[in-house]
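Asker: My questions will all concern the structure given below.
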Amino acid sequence: MNVFGDLLSGFGTVLSPQYLLYAAIGVTLGTFVGVLPGIGPALTIALLLPVTFSLDDPIGTFIMFAGIYYGAMYGGSTTSILLNTPGESASVATAIEGYQMARRGRAKAALATAAIGSFVAGTISTLLLSVLAQPVARLATTFRAADYFALALLAMVAVTALVGRSIVRGLMSLVFGLFLGLVGIDALTGQARFTFGTMELLEGVDVVVVIVGLFAIGETLYVAGRPLPDQLEPVTPGKSPWLSRDDWRRSWGPWLRGTAVGFPFGALPSGGADVPTFLSYTYEKHRAAHRAEFGKGAIEGVAGPEAANNAAFSGVLVPLLTLGIPTSATAAVMLAAFQIFNLQPGPQLFDTSPDLVWALIASLYVGNVLLLVLNLPLIRVWVKVLQIPRPILYAGILVFATLGVYAATGSVNQVFLAYGIGVIGFGMRHFDFPIAPVILGLILGPMMEVQFRRALLVANGDLTTFVDRPLTAALLTLAVLAFVVPYLPRIIARLRGRTSDEEPKKLVFAEDD
Amino acid sequence: METRLRTGGVVLGAVLVLAGVGLVWSALAAADGDLGLQSPRLAPVVISLAWVGIAAAYLMSQFRTTDEEPAERPHWWGPAGVAASLAGFAIALEYAGFVVSAAAFVLVVARVLGSRNLLRDAIVALLLPVAIYFAFTHLLDIFLPAGVLPL
Amino acid sequence: MRKHVVAAGLVAVLAAGAAGCEKDTAGGRTGSGDAAYPAKTLQLMVPAAPGGGWDLTARTMQKALTDGKLAGGKAVEVYNVTGAAGTIGLAQLVSKNAGDAHHLMVMGLVMVGGVVANKSPVKLDQVTPIATLTAEQEVVVVPANSKYRDLKQLLADAKANPASISWGGGSAGGTDQILVGLLGKAAGADPAAMKYVAYSGGGEAKAALLSGDLTAAVSGQSEFKDLVASGKVRALAVSGATGVDVGGGAPAETIKEQGYDVELMNWRGVVAPPGLDGAAQASVVSFVDTLHSSPQWQTALQQQGWEDFYKSGDEAKAFFESENQRITTVLTEIGLG
């Protein structure tokens, strides 16, 4: 094993002024697009692909792409925290506690724990990628459709066992998300479902459109009905450090646990970055000492998902580099970029183009450091966004939201769809329905359904396919346990005649409690 | 106030139940009896039935609760005004072009949201769309409608 | 505040753009073409999301046109209309852009299938055919430990016991499933009985082949290159007229060479909106002819590994018609029509 020798030579390549510049461009550009709702890293990289034709420098290109991804993820969490307008599914979990922190004048701490958490998770998971890529990839490709179904079920149960203060409202949100997930062409048979005879709905309801609608637009409509001061919450005055001693103490656990969830999930060929963020959030909430603080800005709820989100990217690179299997939209576009350079990611890539692979991995370390170095000082600037006069700020959010949907889909009808979902988001806020379960249903629902039917199709309809392999059976058992266990204390309490302790009523936006 | 909110809840619950019934009907009609485990028609039926059940439970709960007392009374014209401005923006987008429609939208929606500083709004309404337009079309290569302006 | 970010972004893109432009060598205007076309900005619609095959085709065209200065100083704009195998973009081209010769759309075999499978109210014969540009072959692969050594054994089993073979590939009604249907038919089996498992992309199908869910996978020719080269999967056949190397180091056998009369190319081309008169159509065709013969386009073909599959004008029209007929037939037989 000369992993470290290879890695060292990778650093030798990357640490040239030219490549550092590419990395810096990537991180800056990524942060810029990440701030815009709807325009994520995948779209940016796709649009930059033609530029790479003529750049003729694969190493530089990929260094820039890695920077874009990290930057975009961080940019997305910035707006989630400050304005409750996540741009894609992986930053929805961050918005839940992050926005509450910002409302209470703790925006700096939230941004700092996100930045440092991303750095910690990125660094650890890149290390895991350097050392464990091959065995993890071998493990990941043993997952079959039945296992994915069991895994999706487990994730669903794990994150929705805590739908919250009002189970009925939480479930209603979830079912709405599941319904949205069904709209469009069935992935297995190509049959249209819930399209009501329109062409426009055939493609389904894009998760980005839903997120922009429910958050950016729904939030603005909600705010428009309330006489608020000209500016949002005042920020705690300037001199305080990014994170207090207590914040550090409460953050490092979630960072590490978030990494532990994010990396393996990213590595699964049907994993992705969004599910682990929700898992991390739920887990932190479940075990936190400050549980009562959840819903009002608990720092653990920002630290965990942000770490998971970043760790997932290194995870995503495992199947991409070792098998040529893209597991996220960004990875799919990066695969296209590899092919432009006549490189075929797969088992031989590490042998045929070691320079490139190790430079890419080294650039991940560099990108992480750059992100931290560029963004920690910028936090001071970012929080000033909150001082923009409210009418201008929200007008800007609406313009960017519209722009994002229009640019990503090229259709005014999709813009109207986002607006319509925005009106629903407004209604959900008005009637105190939680928003996050909609996104969960939309992501996990189709995964469960398609994998379930796929597994049955492969097994010719034989239901024993869900129990005859130890992996599937174990995952399903875990799902059942996860379903029952969280309710035990509540059931016992109910039996003892105790009423549930009602929290004081407050303005609830995206709160998942 | 208390009663108003509850009335709202009851109406919402009723609407949700009705919508759910509509979905069940449409799902069953599409299924045409084909509800095997592998059928693409099973999940819509299951989900819409769950929708009806949960919506009914919500409707019931609205007859019982008396707890909530909203902190402030929201006004309806703010959201309605924003929604109307948005609709206008989207309709104008492909005809008037991005720059013109976005500028008008910023001006109007800032008013709706309570801005009284016309000069400031006008400056933002001018600079923001132009900056976005050039950044997107010329640098990111993302197409935006030019519309009436000779851009 | 936002302006700082915008400015930073601008600088970044500028830097990237500059790096990109420096290397281009300006080629003179090649070919004759029609001097009057394009008379204004040329809009190129991609009826799919950025990053896919059609998007890459359009952006490569844009780049070749700009680098080769073939558009007579007019700008070439690319925009994406996503959805439903391109049928949403098709509907938009017909309803919104009729009669506009400066509005072209990239399309291909997948759209032919999409119109049938999605029961699109707008058909391909409503638009003005211009040209086909590129094509890729399909490849049939099995895992290395599979008992199948050639296509004959695989298809024999598929005919005898269709439920025993799980075929996998891209989305339902797409090129991959069309090929499976054609293969089943050629082997004398019922195309509707072929057990086809659809995945959202080549990556997922790849993982499913390795995990053991699939018996065989069908995909674009380059998709499995590295897995074939490393011996993890075995290529049984390619779908073109002559064999290509799909990773094994030598050209793989074609389906025809193994005795089945099936040839399928995943081609991509360009169409114009309906309502163009003969002269307008001719000037668009000659413009695309110019693009095709430009050194910039030929270089791009090589770089992308695309097969040159050029048919324009009447030849393209006839080809679209015959493909439409063939694809409609097989999709109907599969049960997706």
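Asker: In Å², rounded to the nearest 100, what is the total accessible surface buried by chains B and C against each other with a 1.4 Å probe?
Answerer: 800 Å²
Asker: Taking only DSSP H segments of four or more residues, each worth -39500 (n - 2.57), what value at 222 nm results for chain B once the sum is divided by all its residues, to the nearest 500 deg cm²/dmol?
Answerer: Result for chain B: -24000 deg cm²/dmol, rounded to the nearest 500.
Asker: With a 1.4 Å probe and every protein chain left in place, work out the accessible area per residue of chain C in Å², rounded to a whole number.
Answerer: Roughly 35 Å² per residue, with all protein chains present.
Asker: While we're looking at this one, here's another question. Could you tally up the Lys pairs in segment A:14-495 with alpha carbons closer than 15 Å? Skip any pair fewer than 8 positions apart unless they're on separate chains.
Answerer: Total qualifying Lys-Lys pairs in segment A:14-495 comes to 4.
Asker: Please give the length that would be gained between residue A:244 and residue A:292 if that part of the chain were fully extended, namely 0.36 nm times their separation in residues minus their C-alpha to C-alpha distance (nm, one decimal).
Answerer: This chain segment gains 15.3 nm when fully extended.
Asker: Then there's this: Looking only at chain C, where both bridge partners belong to it, what percent of the DSSP beta bridges are antiparallel (to the nearest 5)? Walk me through the numbers on the way to the answer.
Answerer: Working: 26 of 41 bridges.
Taking every DSSP beta bridge within chain C, about 65 percent pair in antiparallel fashion.
Asker: Run the numbers for residue A:373 and residue A:416: contour at 0.36 nm per residue of separation, minus the present Cα-Cα distance, in nm.
Answerer: Numbers: separation 43, 0.36 × 43 = 15.48 nm, distance 3.97 nm.
Answer, rounded to one decimal: 11.5 nm.
Asker: Per residue, how much accessible area does chain A show when a 1.4 Å probe rolls over the protein heavy atoms, in square angstrom?
Answerer: 32 Å²
Asker: Taking the convex hull of the alpha carbon atoms in segment C:240-337, what volume per residue do you get, in Å³?
Answerer: 146 Å³
Asker: Still on this structure, please answer the following. Determine how large the accessible area of residue A:467 is when every protein chain is in place; take a 1.4 Å probe and give Å² rounded to the nearest 10.
Answerer: Its accessible surface works out to 100 Å², give or take rounding.
Asker: Carbon and sulfur together cover what percent of the accessible area of chain B at a 1.4 Å probe radius?
Answerer: Using a 1.4 Å probe with all protein chains present, chain B comes out at 71 percent carbon and sulfur.
Asker: Show me C:309-318, A:150-159 ranked by packing, highest mean number of other Cβ atoms within 10 Å first. Intermediate values should be presented prior to the final figure.
Answerer: Values: C:309-318: 16.6, A:150-159: 23.6.
My ranking of the peptides, most packed first, is A:150-159, C:309-318.
Asker: Might you work out the accessible area of residue B:77 for me, using a 1.4 Å probe with all protein chains in place, and round it to the nearest 10 Å²?
Answerer: 130 Å²
Asker: At a probe radius of 1.4 Å, figure out the C/A buried accessible area, summed over both chains, and give it in Å² to the nearest 100.
Answerer: Using a 1.4 Å probe, the pair buries roughly 5100 Å².
Asker: Rounded, prolate or oblate for segment B:77-140? Axes are the square roots of the Cα gyration tensor eigenvalues, ordered a ≥ b ≥ c, and the cut-off for rounded is a/c under 1.5.
Answerer: On the way: a/c = 2.73, a/b = 1.40, b/c = 1.95.
The shape class here is oblate.
Asker: Which order do A:286, C:102, B:75 take when ranked by solvent-accessible area (1.4 Å probe, heavy atoms of all protein chains), largest first?
Answerer: From most exposed to least exposed: A:286, B:75, C:102.
Asker: Here's another thing I want to ask about it. Please state the relative contact order of segment C:146-292 as a whole percent: Cα pairs under 8 Å, 6+ residues apart? All intermediate terms of the calculation are to be shown ahead of the outcome.
Answerer: Numbers: 199 pairs, mean separation 28.9, N = 147.
20 percent.
Asker: Also: Treat each spin label as a single point 7 Å out from the Cα along the C-beta direction, and report the residue B:117 to residue A:481 distance in nm.
Answerer: Once both label points are built, they end up 5.8 nm from each other.
Asker: Run through the DSSP bridge list for segment C:137-258 and note the antiparallel percent, rounded to the nearest 5.
Answerer: Beta bridges within segment C:137-258, antiparallel portion: roughly 60 percent.
Asker: Which far-off residues, 5 or more places away or on another chain, put their amide H under 5 Å from the one on residue C:233, with H placed in the peptide plane?
Answerer: Result for residue C:233 returns C:144, C:228.
Asker: Using a 1.4 Å probe on the protein heavy atoms, what percent of the accessible area of chain C belongs to carbon and sulfur?
Answerer: About 53 percent, which is the carbon plus sulfur part of the accessible surface.
Asker: Same structure again: Rg (Å, one decimal) plus Dmax (Å, integer) for the alpha carbons of chain B?
Answerer: 23.5, 64
Asker: So which trypsin sites (Lys or Arg not before Pro) in segment B:90-151 end up in coil per DSSP with only 11 or fewer other C-beta atoms within 10 Å?
Answerer: B:116
Asker: Additional query: R0 = 25 Å: FRET efficiency of residue A:387 with residue B:80, Cβ-based, nearest 0.05?
Answerer: Working from the Cβ atoms, E equals 0.35.
Asker: Restricting to the protein assembly as shown, what percent of DSSP beta bridges are antiparallel, rounded to 5?
Answerer: 65 percent
Asker: Contact order normalised by length for chain A, with contacts defined as Cα pairs under 8 Å and 6 or more residues apart; what percent is it?
Answerer: Numbers: 932 pairs, mean separation 145.1, N = 513.
About 28 percent, as a whole number.
Asker: Which FRET efficiency value, to the nearest 0.05, do you get for residue C:200 and residue C:125 by plugging their Cβ-Cβ distance into 1/(1 + (r/R0)^6) with R0 = 35 Å?
Answerer: 0.75
Asker: Rg/Rh for chain A to two decimals, with Rh computed the Kirkwood way over all alpha-carbon pairs. Write out the running numbers ahead of the final one.
Answerer: Details: Rg = 22.2 Å, Rh = 23.2 Å.
Taking Rg over the Kirkwood Rh, I get 0.96.
Asker: Compute the distance from the alpha-carbon center of segment A:285-340 to that of segment B:69-121, in whole Å.
Answerer: 35 Å
Asker: Now for a separate question. How many percent of the accessible area of chain A is carbon or sulfur, using a 1.4 Å probe?
Answerer: 67 percent
Asker: Please list, by residue number, everything in segment B:78-108 whose backbone N is under 20 Å from a paramagnetic label point 7 Å out along Cα→Cβ of residue B:148.
Answerer: B:85-108
Asker: Also, I was wondering about something else. Rank C:294, C:286 by accessible area, highest first, at a 1.4 Å probe radius?
Answerer: Greatest to least solvent exposure: C:286, C:294.
Asker: Between residue B:126 and residue C:333, what is the spin-label point distance in nm, taking each point 7 Å from the Cα along the Cα→C-beta axis?
Answerer: With each label placed 7 Å out from Cα toward Cβ, I get 6.8 nm.
Asker: Along the Cα-to-Cβ line of residue C:163, 7 Å from the Cα, sits a label point; which residues in segment A:434-471 have backbone N less than 14 Å from it?
Answerer: Counting backbone N atoms under 14 Å from the label point, the list is A:456-465.
Asker: For chain C, what does the relative contact order come out to in percent, with C-alpha contacts under 8 Å and a separation of six or more?
Answerer: Value for chain C: 25 percent.
Asker: Apply 1/(1 + (r/R0)^6) to the Cβ-Cβ distance of residue C:308 and residue C:245, taking R0 = 22 Å, and write down the FRET efficiency to the nearest 0.05.
Answerer: It comes to 0.80.
Asker: Something else now. Over both sides of the A-B contact, add up the buried accessible area with a 1.4 Å probe and give it to the nearest 100 Å².
Answerer: 5200 Å²
Asker: Over chain B, average the accessible area per residue using a 1.4 Å probe and give it in Å², no decimals.
Answerer: 50 Å²
The values are calculated or read from the model by the stated rules, or taken from the named source; none is laboratory data. All values derive from a computational prediction rather than experimental measurement. Heads up, the Cβs are rebuilt from the backbone with ideal geometry, glycines too, and the neighbour counts pull from every protein chain shown. For accessibility, only protein heavy atoms count, side chains too; no ligands or nucleic acids. Shrake-Rupley method; radii C 1.70, N 1.55, O 1.52, S 1.80 Å.
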